[in-house]
Amino acid sequence: MNKYKGVIFDLDGVIVDTAKFHYLAWKKLANDLGFDISLEQNEQLKGVSRVHSLEQILKWGEKTIPEDEFQRLMTSKNEDYLVKISDMSEDDLLPGVKKVLDFLIENEVPFALGSASKNARPILKSLKIYEKFNGIVDGNDVTKAKPNPEVFLIAAEKLKMEPKDCIVFEDSVAGIKAANTAKMISVGIGEEKVLNEADYIFADFTEIDLGFIEKIVRK
Ligand code: B16
Ligand code: MG
């Protein structure tokens, strides 16, 4: 039996700093519709699927639009986002992430991706880490968005691990709720006041030492 637990990484805001580009693209969309979204409101969009994000933004702006316009806005937001991330390379891995991935690989600790993004696979390829994952679950593979735990439960299956033997690294409130609902160990990456439901919280991966990883992954 494997002596290690499995690790599940969220993508945006954990492995790579695309969270700011999602925000800028949504903010532009809101501005074009005549209102604004704050950084505080944006915390509620992190980890939330594209369709639910747009529904929420339209509620904030008190806008009702026909279905074809909704689809057009989703497409235009994604095009805008893809332009913003088009020159991404391995240099865009967030500080401290590579050290942790290398440690997991050296010690044969299995790890998977659990992201709400439909753009996750091309992003992992741009970062040159796609092949390193033992499983990838993204927005194309789920029917229920975070905070529903579906994305992490499928990732656990791919790792052949019980949910209780999975550790989730997440930057969003919705994702921490999803991990906790799945009865996984949740590690928040970000602000303590936002992610206070996580089992452990770090500002970023540079704050995490390999001793912590070694301890937390051991069964
Ligand atoms: P896309 P994560 C999430 O990714 C983002 O946090 C969220 O802001 C975004 O709306 C969602 O993916 C959908 O992304 O539009 O690329 O399909 O944090 O779960 O990796
Ligand atoms: Mg995220």
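Some notes on this structure:
- Residue under evaluation Pro95, criteria (1) part of a helix (DSSP H, G or I); (2) open to solvent by 50 Å² or more (accessible area, probe 1.4 Å), criterion not met: (1)
Conditions tested, residue by residue: (1) β-branched (Val, Ile, Thr); (2) open to solvent by 20 Å² or more (accessible area, probe 1.4 Å); (3) at positive phi; (4) free of Cβ contacts under 8 Å to residues at least 60 places away in the same chain.
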{"position": "Ile37", "(1), (2), (3), (4)": "yes, no, no, yes"}
{"position": "Glu40", "(1), (2), (3), (4)": "no, yes, no, yes"}
{"position": "Arg50", "(1), (2), (3), (4)": "no, yes, no, no"}
{"position": "Leu58", "(1), (2), (3), (4)": "no, no, no, yes"}
{"position": "Glu62", "(1), (2), (3), (4)": "no, yes, yes, yes"}
{"position": "Asp68", "(1), (2), (3), (4)": "no, yes, no, yes"}
{"position": "Glu79", "(1), (2), (3), (4)": "no, yes, no, yes"}
{"position": "Ser86", "(1), (2), (3), (4)": "no, yes, no, yes"}
{"position": "Ser89", "(1), (2), (3), (4)": "no, yes, no, yes"}
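- Selection status of Val51, modelled with pLDDT of 95 or more, away from ligand 1 (no atom under 11 Å from the Cβ) and over 15 Å from Ala30 (Cβ atoms): no
One line per residue, one yes/no per condition, for (1) open to solvent by 60 Å² or more (accessible area, probe 1.4 Å); (2) within 11 Å of ligand 1 (Cβ to nearest atom); (3) within 17 Å of the chain's Cα centre (by Cα); (4) not assigned by TED's automatic domain parsing to the domain that holds Ser53:
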position: Asp138; (1), (2), (3), (4): no, yes, yes, yes
position: Asp141; (1), (2), (3), (4): yes, no, yes, yes
position: Ala145; (1), (2), (3), (4): no, yes, yes, yes
position: Ala179; (1), (2), (3), (4): no, no, yes, yes
position: Val187; (1), (2), (3), (4): no, no, yes, yes
position: Tyr200; (1), (2), (3), (4): yes, no, yes, yes
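- Qualifying residue in region 57-78 (condition: at pLDDT 95 or above, assigned to a helix (DSSP H, G or I), out of contact with any strand residue (DSSP E or B) (no Cβ under 6 Å at 6 or more places or on another chain) and among the hydroxyl-bearing types (Ser, Thr, Tyr)): yes
- Qualifying position, being of a type in the set (Gly, Ala, Ser), farther than 18 Å from Leu124 by Cβ and in a loop (DSSP other than H, G, I, E, B), among Ala179, Ala145: Ala145
- Residue count for region 159-173 under the criterion of being buried (at least 22 other Cβ atoms within 10 Å of the Cβ) and touching a Leu at 6+ places or on another chain (Cβ under 9 Å): the result is 5.
The values are calculated or read from the model by the stated rules, or taken from the named source; none is laboratory data. Keep in mind it's a predicted model, so treat the numbers as computed, not measured. A quick note on method: Cβ atoms are made from the backbone with ideal geometry, for glycine too, and the neighbour counts reach across all protein chains shown. Protein only, heavy atoms only, side chains kept; ligands, DNA and RNA dropped before computing areas. Shrake-Rupley method; radii C 1.70, N 1.55, O 1.52, S 1.80 Å.
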